[in-house]
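Enquirer: Just passing along the structure, written as structure tokens.
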Amino acid sequence: MFDIITFGSATKDVFLEIENPLIKKESFFLELGKKIKIKKINFSSGGGGTNTAFTFSNQGFKTAYCGMIGQDDSGDEILKELEKQKINTSLIQRTKLKPTNYSIIINHPHKDRTILTYRGASSLLKSICFKKAFWFYIAPFENNKLFEKILNFANKNNIKVAVNPGYEQFKGNWIQWIKKVDIIFVNELEYNILKNKLKQFKGILNITQGPQGVSVFYNNKKYFKKTPNSKVLDRTGAGDSYASGFMSEYIRTNDIEKSMAYGVKNAISCLRKIGAKQGLLKK
Ligand SMILES: Nc1ncnc2c1ncn2[C@@H]1O[C@H](COP(=O)(O)OP(=O)(O)OP(=O)(O)O)[C@@H](O)[C@H]1O
Ligand SMILES: [Mg+2]
């Protein structure tokens, strides 16, 4: 029996810092026909499923990750990294049909980043060999049918569920699935799209608000946690690190305020390092 199983993507990430980037307002420019020098390069792994699994394992929970990676070098590296982190990999499937998900993150430290993302192997997950756990954490998920199967399995087996919905879930049958979920994480932008649908959600609703902090609604009560001023080197993984930090403390204590504080702490620590996993807090 696992404490928690995470579902969602696994990605190979490459972080680039460009020398003298041309930034104007909300855009930065790469000129056609030019060779552009890269000042710094970092290789890492990402994806909502594995990022959150890393926090849970850092926090001492018996953790498994369930998802699809390619039969390629990136897939091998992700598998090795998860094993080294003592995350159970028995639910991982591999495919030759598409390469492992891949992202190129062009980062401008202390400003923002642009992500070029390839959705490969992750999108091919069609079935799951279910195992039991106390909690399921579902990161943005590409296959809505399978998403509903995970929720049904969880409900039948008294497994609690936290969801960070992705765009596929936005299109899915909300009224049905939010009944089966205990905790939801959305950012402000997502909340503004889903406001009406979320009115019927009875569980713990987390709305992250970037540098401002986070609000939680539960049992007709509103909680707010401000983000302390802090240096942001790379904001990749902000949402995952908040959600997994919140979950870790919530599993331990059931205390919403403490959980929000730990979520923010994990996020800030993540944003101080390049990559979605490097800064995650250890217990
Ligand atoms: N610039 C920032 N400075 C300080 N803290 C931040 C910053 N951006 C995010 N955070 C922290 O991370 C949490 C989650 O961030 P955010 O609301 O941006 O999530 P998100 O939009 O889901 O992120 P992602 O792009 O990773 O999906 C925030 O509630 C906050 O605590
Ligand atoms: Mg997010």
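Values quoted throughout were computed directly from the atomic coordinates according to the rules given, and no laboratory measurement underlies them. A quick note: this is a predicted structure, and the numbers were derived from the prediction, not measured. Positions of Cβ are generated from backbone atoms using ideal geometry, with glycine treated the same way; all protein chains shown enter the neighbour counts.
Enquirer: At a threshold of 8 angstrom on Cα-Cα distance, excluding pairs fewer than six apart, so keeping six or more, what relative contact order does the chain reach in percent?
Expert: Averaging sequence separation for qualifying contacts and normalising by length gives 19 percent for the chain.
Enquirer: For LEU97 paired with LYS197, estimate the spin-label separation in nm (one decimal), with each label point 7 Å from Cα along the Cα-to-Cβ line.
Expert: 2.5
Enquirer: Could you please report the charge total around ILE5, scoring K, R as +1 and D, E as -1 over all other residues with beta-carbon less than 12 angstrom from its beta-carbon?
Expert: Overall, the nearby charge balance is +3.
Enquirer: Around THR227, which amide H atoms from residues at least 5 apart in sequence, or from another chain, sit under 5 Å from its own amide H, with H modelled in the peptide plane?
Expert: Hits under the 5 Å cutoff: GLY213, VAL214.
Enquirer: Once phi is turned into ³J(HN,Hα) by the Karplus curve 6.51 cos²θ - 1.76 cosθ + 1.60 with θ = phi - 60°, what whole-Hz value does each residue of segment 76-92 show in order, with x for glycine and proline?
Expert: Values per residue, Gly and Pro as x: 4, 5, 4, 4, 4, 4, 5, 5, 4, 7, 6, 8, 5, 10, 5, 9, 7 Hz.
Enquirer: Which far-off residues, 5 or more places away or on another chain, put their amide H under 5 Å from the one on ARG272, with H placed in the peptide plane?
Expert: Amide H neighbours of ARG272, under 5 Å, 5+ apart: LEU233.
Enquirer: Can you sort ILE128, ILE69, ILE87 by how many other beta carbons sit within 10 Å, fewest first?
Expert: Lowest to highest Cβ neighbour count: ILE128, ILE87, ILE69.
Enquirer: Same structure, new question: Please list, in chain and number order, the residues 5+ apart from GLN93 or on another chain whose amide H is under 5 Å from its amide H, with Hs placed from the backbone.
Expert: GLY67, MET68, ILE69
Enquirer: Normalised by the residues of segment 124-283, what does the relative contact order come to in percent, with Cα pairs under 8 Å and at least six apart?
Expert: Relative contact order of segment 124-283: 14 percent.
Enquirer: Moving on to the next point. With N set to the residue count of the chain, report its C-alpha Rg divided by 2.2 N^0.38 Å to two decimal places.
Expert: Against the empirical 2.2 N^0.38 Å value, I get 0.98 for the chain.
Enquirer: In segment 118-216, if the dipole is taken from +1 on Lys/Arg beta carbons and -1 on Asp/Glu beta carbons about the Cα centre, which of LEU194, ILE183, GLY213 is farthest to the positive end?
Expert: Of the options given, the answer is ILE183.
Enquirer: Something else now. Nearest 5 percent is fine: what portion of the DSSP beta bridges confined to segment 1-139 is antiparallel?
Expert: Just about 50 percent of them are antiparallel.
Enquirer: Going toward the positive end of the dipole of segment 134-283, with +1 on Lys and Arg Cβ and -1 on Asp and Glu Cβ, which of VAL161, ALA276, PHE141 do you reach last?
Expert: VAL161
Enquirer: Mind sorting VAL264, VAL163, VAL232 by how few other Cβ atoms lie within 10 Å of their own Cβ, fewest first?
Expert: Values: VAL264 22, VAL163 28, VAL232 17.
Ranking VAL264, VAL163, VAL232 by Cβ neighbours within 10 Å, fewest first, gives VAL232, VAL264, VAL163.
Enquirer: Another question, then. Below 8 Å between Cα atoms, with a sequence gap of 6+, how large is the relative contact order for segment 1-95 in percent?
Expert: 34
Enquirer: Taking the highest mean first, how do the peptides 191-198, 12-19 order by number of other beta carbon atoms within 10 angstrom per residue? Can you show the working numbers first?
Expert: Working: 191-198: 13.4, 12-19: 18.4.
Listed from highest to lowest mean packing, they are 12-19, 191-198.
Enquirer: Count charges around PHE43 for me, please; just the other residues with Cβ under 9 Å from its Cβ, Lys/Arg as +1, Asp/Glu as -1.
Expert: Taking every Cβ under 9 Å from that of PHE43, the sum is -1.
Enquirer: Shape call for segment 173-283 from the C-alpha gyration tensor, a ≥ b ≥ c root eigenvalues: rounded (a/c under 1.5), prolate (a/b greater than b/c) or oblate?
Expert: It is prolate, given that a/c is not under 1.5 and a/b is the larger ratio.
Enquirer: Let me ask you something else. Within the set of other residues whose C-beta is less than 11 Å from the C-beta of ILE274, count the net charge using Lys and Arg as +1 and Asp and Glu as -1.
Expert: +3
Enquirer: With runs of 4+ DSSP H residues as the only contributors, calculate the mean residue ellipticity of the chain at 222 nm using -39,500 (n - 2.57) per run, divided by the residue total and rounded to the nearest 500.
Expert: Helix contribution divided over all residues of the chain: -9500 deg cm²/dmol.
Enquirer: Got a sec? How would SER241, SER123 order by Cβ neighbour count within 10 Å, fewest to most?
Expert: SER123, SER241
Enquirer: Something else now. Residue-wise, which Karplus ³J(HN,Hα) couplings in Hz belong to segment 102-107, taking 6.51 cos²θ - 1.76 cosθ + 1.60, θ = phi - 60°, and x for glycine or proline?
Expert: 9, 10, 10, 10, 8, 9
Enquirer: State to the nearest 20 debye the size of the charge dipole of the chain about its Cα centre, where the only charges are +1 on K and R beta carbons and -1 on D and E beta carbons. Don't skip to the answer; put the middle values down first.
Expert: Details: 46 positive and 24 negative charges, 85 e Å.
Here the chain has a charge dipole of around 400 debye.
Enquirer: Which one of SER57, TYR250, LEU30 has its Cα pushed farthest toward the positive end of the charge dipole of the chain, where Lys and Arg give +1 and Asp and Glu give -1 at the Cβ?
Expert: Going by the charge dipole, the pick is TYR250.
Enquirer: From the phi angles alone, apply the Karplus equation (6.51, -1.76, 1.60; θ = phi - 60°) to segment 110-125 and give each ³J(HN,Hα) in whole Hz, x where the residue is Gly or Pro.
Expert: Ordered by residue, 3J(HN,Hα) equals 6, 10, 6, 9, 10, 10, 9, 10, 10, 9, x, 3, 3, 6, 8, 5 Hz.
Enquirer: Additional query: Tell me, how many Å apart are the Cα centres for segment 255-277 and for segment 97-142?
Expert: Taking the Cα centre of segment 97-142 as reference, the centre of segment 255-277 is 20 Å away.
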